[in-house]
Every structure is written in structure tokens, then in C-alpha cells.
Amino acid sequence: MGSSTRQLHRHRIRRPDRRVLTALAVGGGLVLAVVPFATAQAATTGRLRVDQVGYANGDTKVAYLMTSAAVSGATYQVVNSAGSTVASGSVAAASRGSWNSAYPDVYPIDFSGLTANGTYHIVTSGPVQATSDSFQIESAASLYGTLVTDGVNFYQNQRDGSDVIAGALKRKPAHLNDSAATVYKIPSFQSGGNGDVINGSSLTRIGGPVDVSGGWFDAGDYLKFTFTTANADNLLFASARALGTGAPASLTAEARYGSSWLNKMWNPSTKTLYLQVGIGSGNAAGTFYGDHDLWRLPEVDDSDTASADTYAAAHRPVFEAAAPGAKIDPDIVGRVAASFAFAAQADAAAGNSSQAATELANATSLYAMANTSPSSTLETAAPNAYYPESIWHDAMELGATEITLAQQALGQPSSVYQPYLTQAATWASDYIASDSGNDTFNLYDNSALAHADLITALGKAGNPSGLAVTPAALVANLKAQVASAAKVSAADIFREGGNYADFDVDAHTFGFITTEALYQKASGDTQYAAFAGAQRDWLLGGNAWGTSFMIGAGTTFPDCMGSQIPNIVGSTNGSSPIDTGAVVNGPNGTGNFSGGLGSLQSGMKKCENDSFTAFTGHGSEYVDDVRSWQTSEPALDMTGSAVLAGALQASLGGATPPSNDFSVSVSPSSGSVSVGGTVTATVATAVTAGSAETVALTASGAPAGVTVSLSPASVTSGGSSTLTVGTTASAAAGTYPITLTGSAASGSHTAAFNLTVTSGTGPSGGSFEAEAAANTRTGRAAVISCSACSGGARVGYIGKGATLTINGVTVTSAGSYLVTVAYTNGSTSARTAQISVNGGAAQSVAFAPTGAFTTPGTATVSLTLAAGTNTITFGNASASAPDLDRIDVPASPS
């Protein structure tokens, strides 16, 4: 099946909210007069799109130049962190086609010849000037390892129960009342089960209490589903197995956390499988509410005494997948049995054979309860419309295969595992005959993982003859799944293989990367490796919207997820704290937004980022808004797909992510100093994989007359050091890249600090372009092409925590200077910038509209400057500031 039937998933069925929050936006500050520049003939503008996380050394590397008109003769340069050009060439002469009316041409830039590790960005010149986000070139193990470690962080943030991990989002124990929950009969739902509003005045109790505490929240709400948890747990266990000894300890721990909850959901004594915890909506009469009627932190639910919130919060209902002892639909049986068998394999590998035997017994006892002649409606959730499943052979293949592998891992004889191996082959054959071609690897289709593991199980059994399927047939079906997506990709402008005008494109696209790795490992065929890399590129920034769809990955990523905890506790501008590793739905069909986004729920923190509207195209729209469940809600299956894709690609060729790894950064990344002066910066390290380790810090590249020190000279990864650069009278004026190197047992990483030395006797004041390389940008502030601007570019996306610091503003006399600021403001109202000099107190200045973001205007601001070199910082902690073109500083005070 395709994903089009999933429109009710993520609990998207909403009644008018009982609590509507209205917000009043107010502004303040002095509005200065605007002097628009003379209107110029519109010049061609461009946007550069890259994989913002990076590329593996041997990857095919393609960036995309989106232009407002056809161009010819454009050239590009790849620039490293020291500001040096390391590769250059011509932009492709032929456009790949039109994205939308604003960007009728998209040109590929192939820079595959660049393979050296480092941090880079791309600049285009000629008829169109544009600058890309920065990106890394590194080993595949390091590149894909980031997806693994970040994805696990999301799962940790999704934990429910007493054993939560506080993390950046300051999680607290929640839903402890789930330890004594009541079991209810599954109610009837409106719209014949295609809605989630419950008929009737109450729920009907049929059992309990049962302990269903713990587990993971499924998505942006607090419901817990056996179906999606089992799928997610299988992805994590498969990831840990693929990485072997290189698997982060957190990955294995999180997989075991998931299986421990599933053990509570299956009672082998009564042969009862519990389906879910909680209800999405309340009843039609409004006498009781569901989880989606509330927007709150989960830890408050147990103490919610409102009678209407009983089922939604304090006493969440539990439902059965089938009556005790009755047969259970195979789609859910296969997935949960596979999870138990995965846990048994992990226990067997760890030498815990007793626990492995218990897990295996759970797997086989549940597997025996599968109804392999089910109705057309397969049980997944209440209502089924949340997760409408239509196939099941793949799930049963996976369950039987993982049981076989667990039995083989425990050294059981072929007489024990052969029946399961035979059944797995039968289910695989049935899938190939009846289901193949309707979907690819994602929550609803597990066949790729099942096929690959069945090939392994068959090999361990000596590839017995007479089974319903052969390894060759399984390999052929894996290839067919990859080839179908690769065919779509070859015709797409950005080489995306999925359907970005429908739900779950991100999950499917990570699934393509997973399937390519499984096929490559099974066959040795690498012909689709470039396709897999292109899918990763699209997911992490190489798309029309120029955003990564994984939180914390790259420069631009969703700020406004439709998820309660990060919305309430986290930031709304990409700065910490964020829900690192979460993967959202991604772009969706424009028709899915026809009803608008609705009002804010009571408790929702307003968060909307409208910067992506200009890139709607090909029937697809991406909206970064807390209300946009269509594009911006994360979920277990989406993020789990990223984890498995990363683990499998990292493990190809035997490479595994280092058990420990770290990063190095410097802020600010540049500084200016007069001869005889000093400048400081902070060198920060962070753990990116495994555990913290000792990192030795050194600096190189300082010219004569310049001294560099780091205090302390070594830190534990996660710590920081102060960089101090001093100059003597012998230092020559100029700009010098200083390389900062962190060295540890796991390897080394570098960051660059660009030092500008001035003579101190040069001219006073002058013009300073906002986009100059010597300036410092933080957060999402970025250089944007602007033909009407003085340097052909401006700096945008300032504000909401992002800043621009103009460095090296030198004057001979201290005093108050009337500084002219050239800026653009395409909003309909004034935008406020908070301006500070040399890190001092900021003053708020309102900049009136200029008519468009491509039409500059000017405003005059009085700033107190010190004699010598100054820095001037523009920002806004909570709102958008104007885009900046340049500043003009007079030679003397007013």
C-alpha cells in the first residue's frame, strides 16, 4: 500500500479545541525614517542547496543552484574553513527543470572530485551570486554515525514512566498511574471507524489493573502503541546488531527499554496482547476528553483531577488487541514477536542465555497466536485509522526469521528452527507474489529487513533446498524495491525517490537508504550507492526548501515541531534546548493544507516559521509551524528509519562508527585586533558518539609577532577552552587563518579562527558590508543574494537568537557616531534589532518596512564607539530582525 491512506495517523483528527489561545503581538521602540534606494531592474537571484550535514569522502557530491531566471556562464568555488578555494568549475549549463514560478531553473553543481576531510561551503559567481550553508566531508562512518547517535537521543526524550532521562528537555517521570491501568473494551468511533471521536457516554471496563508503565510516546502526543513501538524496537535492535561492537551503548540500552515495555504488553499466561495506552479524542458529547484535547507536559497528567480529563490524563485506558486466548491479527503479532526475538539475539550475543531463552519463549508463544486468515481490516490501533495497515506477510516473515536467528544464536538444532525457517520462506514467497510493488520499507512494509535477515538465516542453515523462496529470489526483490525508487529519483529535479506530495516522505526516503544498504550487503552490487547518497542529501538540506528534516542536523532544521515537550520546554529558534535527532514527516501535498492550520491550543507556545512559503512547488508544501502536523510532527517510525539507515550505511564494508568521537568549534570564528592588542574566543568541544574522552587542544598558523594560547590546553570532550590571540609591534597587518586542532584517542578534528591584524593607524570609519567574511554570524543568520544591495548580498534570518557581528570597525577617536544602516524589511510592520557595541548593553531600534526584502533602505543610529577596533552586533532574542546590507561609519564622532 502507499502512504496516502495514512492521513489520520499522528492523531490528526481534530474537533474544535475546547481551549483556544489567542495571542496579541505588540511591538515597541523608535521607528526610524526609511529612505528607499532607487528601484533597479530585477537581477537574477539564486539559492544554493547542499546536504548540510555533509558528504562521505567517496560520495557523488551534487549541490543545486535554484535561480529566478535561466543563466549561463555561472561558475562555482568550494571554499574551506580557512577561506581558501579548494575546488572550482562551471555550473552545469543545462537546467534540470522548473521548481516553481519563482525558481524556474535548477542547475546541478557536481564537486565529487573533492574528497579531503574538512568544512566547506560553495559560492557561485557570474550572472548569479549565492552562498551555500556549510557542510562537512568526512568518512561514511562518521557521517552516518551522527544519524544513529542523534536518533537515539530522540527516543530517550520520548520515554514515559519512571525511568526517564532528563536530557536537554529536562524530562521528568510521567504517567506513573499507568502501573495500575484499567482495561476497557475498544469503543466504536464516528465515521465508521474513519474518525477518532468516540460514540457513547463512557468506556466499558473489562479488566485490570495491569502494569503498562514505561515505553515511548508515539509521536508529538503521549499515546503509546504496541504496533509502532514494536516496529521502532526492531529498527533499534537491527541497528545495534549491524554496528556490532561499534554500536553506542545508548543504542542498545534504548532498544532494551522498548522491549521491556513490550514484555508488559504481552501476557503469555493469559495469551493477551494489549494494543495501546490512551485515547486520542474524547466523545462526541464532550463529557470526556482525549489526549489530543490537552497541550501540556506529561508529568502533570497523574495529578489532573478534572473529571473530563480522566481518560486523557490521570487514568488512561488500555485496550486489548483481541480477547484473551483469541487469535490476533498477524501484522501486529509478527512485529512484536520479532522484537522479542531481536532481544533474544542480543542477550545470546552478550552471553545471557537464560534471559535469551525467556525472550525467545515470549516470541514463540505470541507467534503461535497469529490469525493468518485475517479480515480485510488489520488491527493496529484504536481507531485503526491512525495506522491503516493492509498487508501482513512481511510482518510474519520478519517474526519467523528473527525467531530462527535467535534459535540459531542459542545453538538450537535444525529440528527446532527449521519449522520457523520454512514458515519465513513461505511468508516471503507470499509477499513477493501478493504484496510486492505496492510499498517500500517503512512502518507498513518490513519486507526489506525481513528478506535480508532471511538470507542470513538461510545461510546459517546451509541454504536448504525445497523451501518456498531462494536467496536469489529475495535478493531480486530487494533489488526491485531499490530500483523502483531509483527510477523515480532519476526523473526528479533534486533526485528524491519518494513522493513529497503525500504523507511520510521522510520515513520512506530513509527506507530507501536502508534498503540499498541491505541489497548491497546481500549482493555486493554497488550500482545504487549514489542513489542512496542522493536520498540522504535530500533529507538533510539538498531539497527545494533548503532545510534538514532531522532536528539538530545541519544549519537549518525545523524550529516549530508539532510536539508538546519541545514546544513547551525547548527553544523556537534552533538554539538549545532542542529535541535533537527527531525526524518530522517532511513536505506534504498542498491539498492537505486546504483547511488551514487552525488556532493555537491552550498551552501551545506560538511558533511559526514562514520562510519556506516561497519554495512550494510540484504540488508539495513544507510548513514549519507547531500546528502543522502535516509536515512538522515527529514520530518513532520516522526517526527509527533514520537510525537504521545510518547504522547500515555506516557498517557497509565493515566500517563502524568510532565508539567515541567528538567535535570542535570556535565562537566567534573570526576576530580583529590592532597591533599590540589581544582578542579572545571560546573553543568548544562536544561528544558526538560514545563517551567523553580527553581532548588535547593546539593551534597552528599564527604569523610572526602573533602569539596564541589555549587555557586549558586539554579538556574532556563536552568542555571548552579560552583562545587568546596576542599581537606585538612586529605583527604585520593582514588576515591569517589559525587552525585549532583537538586530538584524542578516537582521532582529531579541527576548527578555523580567522584573525585580522590592523596597523592601528589606518583610516577611521568607512563602509562595512554585512556579508563580509570577516564578520561573525550565529544561529541561522545567512548570506542571501541581493542584486540591489551594495555588495550583491545581504545577511538575513537575523533574530530569534541568531546574530550578526560586524568586526573590525576601527575609529581613531572615541565618541558617539551617527552610523547609517542599510537594511531590507519586506514585512508589513517594523522589525526591531537589538544593537550592541563591543558586547555591551544593547539598544532596541525599530526598522520600518522597505517594501520588499530585495529593496534596501537606510536608517541612522547613534552608537558609542571606542578608539581603535570595535564590534557591532545586531540581533533580537525573540523576534525577527531586519536583513542587513551594510553599515557606514563616519570618520569622526558627531
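Can you tell me how many residues in region 309-328 are under 29 Å from L454 (Cβ atoms) and either in a loop (DSSP other than H, G, I, E, B) or touching a Gly at 6+ places or on another chain (Cβ under 6 Å) (or both)? Break it down stepwise before answering.
Residues of region 309-328 that are under 29 Å from L454 (Cβ atoms), as a first pass: 321-322, 326-328.
From what is left, the residues that are either in a loop (DSSP other than H, G, I, E, B) or touching a Gly at 6+ places or on another chain (Cβ under 6 Å) (or both) are 321-322, 326-327.
Number of matching residues: 4.
Does K487 meet the test of being of a type outside the set (S, T, Y), in contact with a Phe, Trp or Tyr (Cβ under 9 Å, 6 or more places away or on another chain) and either open to solvent by 40 Å² or more (accessible area, probe 1.4 Å) or free of Cβ contacts under 8 Å to residues at least 12 places away in the same chain (or both)?
On the way: of a type outside the set (S, T, Y): yes; in contact with a Phe, Trp or Tyr (Cβ under 9 Å, 6 or more places away or on another chain): no; either open to solvent by 40 Å² or more (accessible area, probe 1.4 Å) or free of Cβ contacts under 8 Å to residues at least 12 places away in the same chain (or both): yes.
No: the conditions fail for K487.
What number of residues within region 230-276 satisfy the criterion of being within 29 Å of L147 (Cβ to Cβ) and either open to solvent by less than 10 Å² (accessible area, probe 1.4 Å) or of a type outside the set (A, V, I, L, M) (or both)? Even if it seems obvious, please write down each step before you answer.
Applying the first criterion (within 29 Å of L147 (Cβ to Cβ)) to region 230-276 yields 230-263, 265, 276.
Among the residues that remain, those that are also either open to solvent by less than 10 Å² (accessible area, probe 1.4 Å) or of a type outside the set (A, V, I, L, M) (or both) are: 230-239, 241, 243-246, 248, 250-252, 254-263, 265, 276.
So the count comes out to 31.
Being of a type in the set (G, A, S) and in contact with a Leu (Cβ under 8 Å, 6 or more places away or on another chain) narrows it down to one residue among A70, A102, A74, A92; which is it? Reasoning before the result, please.
On the way: A70 fails: in contact with a Leu (Cβ under 8 Å, 6 or more places away or on another chain); A102 fails: in contact with a Leu (Cβ under 8 Å, 6 or more places away or on another chain); A92 fails: in contact with a Leu (Cβ under 8 Å, 6 or more places away or on another chain).
The match here is A74.
G742 - would you say it is touching a residue at least 60 places away in the same chain (Cβ under 8 Å), surrounded by 15 or more Cβ atoms within 10 Å (Cβ to Cβ) and in a strand (DSSP E or B)? Give the derivation first.
Numbers: touching a residue at least 60 places away in the same chain (Cβ under 8 Å): yes; surrounded by 15 or more Cβ atoms within 10 Å (Cβ to Cβ): yes; in a strand (DSSP E or B): yes.
Yes, satisfied.
Determine, yes or no, whether G796 is over 21 Å from A891 (Cβ atoms) and either in contact with a Gly (Cβ under 7 Å, 6 or more places away or on another chain) or open to solvent by less than 20 Å² (accessible area, probe 1.4 Å) (or both). I'd like the intermediate steps shown before the answer.
Working: over 21 Å from A891 (Cβ atoms): yes; either in contact with a Gly (Cβ under 7 Å, 6 or more places away or on another chain) or open to solvent by less than 20 Å² (accessible area, probe 1.4 Å) (or both): yes.
When the stated conditions are applied, G796 passes them.
Could we say that V725 is free of Cβ contacts under 8 Å to residues at least 60 places away in the same chain, over 13 Å from T680 (Cβ atoms) and β-branched (V, I, T) here?
Working: free of Cβ contacts under 8 Å to residues at least 60 places away in the same chain: yes; over 13 Å from T680 (Cβ atoms): no; β-branched (V, I, T): yes.
It is false that V725 is free of Cβ contacts under 8 Å to residues at least 60 places away in the same chain, over 13 Å from T680 (Cβ atoms) and β-branched (V, I, T).
Per-residue answers, yes or no, for (1) touching a His at 6+ places or on another chain (Cβ under 9 Å); (2) within 30 Å of T252 (Cβ to Cβ); (3) of a type in the set (S, T, N, Q); (4) modelled with pLDDT of 95 or more:
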residue: G280; (1), (2), (3), (4): yes, no, no, yes
residue: G290; (1), (2), (3), (4): yes, no, no, yes
residue: L294; (1), (2), (3), (4): no, no, no, yes
residue: L297; (1), (2), (3), (4): no, yes, no, yes
residue: S303; (1), (2), (3), (4): no, no, yes, yes
residue: A308; (1), (2), (3), (4): no, no, no, yes
residue: H315; (1), (2), (3), (4): no, no, no, yes
residue: I332; (1), (2), (3), (4): no, yes, no, yes
residue: A346; (1), (2), (3), (4): no, yes, no, yes
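Please state which of the following conditions A891 fails to meet, knowing it meets all the rest: (1) exposed (fewer than 14 other Cβ atoms within 10 Å of the Cβ); (2) free of Cβ contacts under 8 Å to residues at least 24 places away in the same chain.
Result: A891 passes all but (2).
Rundown of residues vs (1) hydroxyl-bearing (S, T, Y); (2) assigned to a helix (DSSP H, G or I); (3) open to solvent by 30 Å² or more (accessible area, probe 1.4 Å), yes/no style:
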| site | (1), (2), (3) |
| --- | --- |
| I578 | no, no, yes |
| G591 | no, yes, yes |
| L597 | no, no, yes |
| K606 | no, no, yes |
| A614 | no, yes, yes |
| G640 | no, yes, no |
| A645 | no, yes, no |
| Q649 | no, yes, no |
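Out of T750, T735, T707, report the one residue that is in contact (Cβ under 8 Å) with a residue 12 or more places away in the chain, exposed (fewer than 14 other Cβ atoms within 10 Å of the Cβ) and assigned to a strand (DSSP E or B). Walk me through it before giving the result.
Details: T750 fails: exposed (fewer than 14 other Cβ atoms within 10 Å of the Cβ); T735 fails: exposed (fewer than 14 other Cβ atoms within 10 Å of the Cβ).
So the residue among T750, T735, T707 that is in contact (Cβ under 8 Å) with a residue 12 or more places away in the chain, exposed (fewer than 14 other Cβ atoms within 10 Å of the Cβ) and assigned to a strand (DSSP E or B) is T707.
For region 790-800, which positions are closer than 20 Å to L863 by Cβ and part of a loop (DSSP other than H, G, I, E, B)?
S790, I798
Just to be sure, is V79 crowded, with 16+ Cβ neighbours inside 10 Å, in a strand (DSSP E or B) and in contact (Cβ under 8 Å) with a residue 24 or more places away in the chain? Quick ask: steps written out before the conclusion?
Details: crowded, with 16+ Cβ neighbours inside 10 Å: yes; in a strand (DSSP E or B): yes; in contact (Cβ under 8 Å) with a residue 24 or more places away in the chain: yes.
The answer is yes for V79.
Being in a loop (DSSP other than H, G, I, E, B) and within 33 Å of the chain's Cα centre (by Cα) is the filter here, so list the residues in region 823-849 that pass it. Reasoning before the result, please.
We begin by selecting, within region 823-849, every residue in a loop (DSSP other than H, G, I, E, B); these are 825-830, 838-842, 848-849.
Of everything in region 823-849, those that are in a loop (DSSP other than H, G, I, E, B) and within 33 Å of the chain's Cα centre (by Cα) turn out to be N825, G826, S827, T828, S829, A830, G839.
I'd like to check something: does region 801-822 contain any residue that is open to solvent by 30 Å² or more (accessible area, probe 1.4 Å), touching a strand residue (DSSP E or B) at 6+ places or on another chain (Cβ under 8 Å), of a type in the set (A, V, I, L, M) and in a strand (DSSP E or B)?
Yes, region 801-822 contains at least one residue that is open to solvent by 30 Å² or more (accessible area, probe 1.4 Å), touching a strand residue (DSSP E or B) at 6+ places or on another chain (Cβ under 8 Å), of a type in the set (A, V, I, L, M) and in a strand (DSSP E or B).
Quick one: count up the residues across region 330-350 that are in contact with a Gly (Cβ under 6 Å, 6 or more places away or on another chain) and surrounded by fewer than 24 Cβ atoms within 10 Å (Cβ to Cβ). Give the steps one after another, and end with the answer.
Step one: of region 330-350, the residues in contact with a Gly (Cβ under 6 Å, 6 or more places away or on another chain) are 334, 337-338.
Restricting the remaining residues to those that are surrounded by fewer than 24 Cβ atoms within 10 Å (Cβ to Cβ) gives none.
Qualifying residue count, region 330-350: 0.
If you scan region 175-205, which residues turn out to be open to solvent by 50 Å² or more (accessible area, probe 1.4 Å), under 26 Å from A232 (Cα atoms) and modelled with pLDDT under 95?
Selection gives N194 alone.
Open to solvent by 10 Å² or more (accessible area, probe 1.4 Å) and within 21 Å of G54 (Cβ to Cβ): which single residue out of F510, F531 fits that description?
Details: F510 fails: open to solvent by 10 Å² or more (accessible area, probe 1.4 Å).
From the options F510, F531, the qualifying one is F531.
Please find, among G765, G868, G808, G799, the residue that is at positive phi and either in contact with a Pro (Cβ under 8 Å, 6 or more places away or on another chain) or among the hydrophobic types (A, V, I, L, M, F, W, C) (or both).
Details: G868 fails: either in contact with a Pro (Cβ under 8 Å, 6 or more places away or on another chain) or among the hydrophobic types (A, V, I, L, M, F, W, C) (or both); G808 fails: either in contact with a Pro (Cβ under 8 Å, 6 or more places away or on another chain) or among the hydrophobic types (A, V, I, L, M, F, W, C) (or both); G799 fails: either in contact with a Pro (Cβ under 8 Å, 6 or more places away or on another chain) or among the hydrophobic types (A, V, I, L, M, F, W, C) (or both).
Only one candidate passes the filter, namely G765.
Of all residues in region 717-732, which are open to solvent by 30 Å² or more (accessible area, probe 1.4 Å) and part of a loop (DSSP other than H, G, I, E, B)? Don't jump to the end; show me each part of the working.
Step one: of region 717-732, the residues open to solvent by 30 Å² or more (accessible area, probe 1.4 Å) are 718, 720, 722, 724, 728-730, 732.
Passing the criteria: G718, T728, A729, S730, A732.
Can you name every residue in region 298-315 that is in contact with a strand residue (DSSP E or B) (Cβ under 8 Å, 6 or more places away or on another chain) and open to solvent by 20 Å² or more (accessible area, probe 1.4 Å)? Explain how you work it out, then say what you get.
First pass over region 298-315, keeping only residues in contact with a strand residue (DSSP E or B) (Cβ under 8 Å, 6 or more places away or on another chain): 298-299, 301-302, 315.
Passing the criteria: E299, D302, H315.
Scan region 823-861 for residues that are closer than 14 Å to A879 by Cβ and buried (at least 17 other Cβ atoms within 10 Å of the Cβ) and report the count.
Residues that pass the stated criteria total 9.
Which of (1) under 30 Å from the mean Cα position of the chain (by Cα); (2) open to solvent by 50 Å² or more (accessible area, probe 1.4 Å); (3) without any contact (Cβ under 8 Å) to a residue 60 or more places away in the chain is the odd one out, the single condition K172 does not satisfy?
(3)
For region 329-411, please list each of the helices (runs of 4 or more DSSP H) lying entirely inside it that holds at least 3 residues being of a type in the set (D, E, K, R). Full working, then the answer.
Numbers: elements: 330-349, 353-367, 393-409.
So the answer is 330-349, 393-409.
Considering only region 277-294, I want to know if a residue exists there that is over 27 Å from L169 (Cβ atoms), part of a helix (DSSP H, G or I) and open to solvent by 10 Å² or more (accessible area, probe 1.4 Å). Quick ask: steps written out before the conclusion?
The first filter runs over region 277-294 and keeps only residues over 27 Å from L169 (Cβ atoms), leaving 282-288.
Adding the requirement that they be part of a helix (DSSP H, G or I) leaves none.
For region 277-294, residues over 27 Å from L169 (Cβ atoms), part of a helix (DSSP H, G or I) and open to solvent by 10 Å² or more (accessible area, probe 1.4 Å): absent.
The values are calculated or read from the model by the stated rules, or taken from the named source; none is laboratory data. Remember, predicted model here, so these are calculated numbers, not experimental data. Using ideal geometry, Cβ is built from the backbone for each residue, glycine included, and neighbour counts are taken over all protein chains shown. What goes into the accessible areas is simple: the full protein's heavy atoms, side chains included, and nothing from ligands, DNA or RNA. Shrake-Rupley method; radii C 1.70, N 1.55, O 1.52, S 1.80 Å.
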